[in-house]
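First up is the structure itself, then whatever we jot down about it.
The values are calculated or read from the model by the stated rules, or taken from the named source; none is laboratory data. None of these values were measured; they are calculated from a predicted model. Note: accessible area is taken over every heavy atom of the protein model, side chains too, but ligands, DNA and RNA are not part of it. Shrake-Rupley method; radii C 1.70, N 1.55, O 1.52, S 1.80 Å.
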Amino acid sequence: MEIRLANEKDLLNLWEETDNIRLYKRMGFTEKIKDSFVDPCNVDEKQMPNSCEKIWLLGKNL
């Protein structure tokens with residue numbers, strides 16, 4: 001059995017992430033396409049995507 005200690009910030013982030021996953025599944029985004037470390041909506045002055053924390057690119061069947 002693995003035991004991990006988490007601080008309050010880690011637990012809050014996990015809770016928010018779980019809520020976000022539930023929300024996107026409810027909206028029909030059920031297919032995880034890939035992990036990404038650039039946010040295409042966050043660009044610099046040269047219109048190049050800025051790096052960010054890991055985000056999921058999700059897909060939805062229409």
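Quick check on residue 55: is it open to solvent by 70 Å² or more (accessible area, probe 1.4 Å) and part of a strand (DSSP E or B)? For residue 55, the condition - open to solvent by 70 Å² or more (accessible area, probe 1.4 Å) and part of a strand (DSSP E or B) - is not met. Screening segment 28-41 for residues that are part of a strand (DSSP E or B) and open to solvent by less than 70 Å² (accessible area, probe 1.4 Å) and picking the one that is modelled with the lowest pLDDT gives 39.
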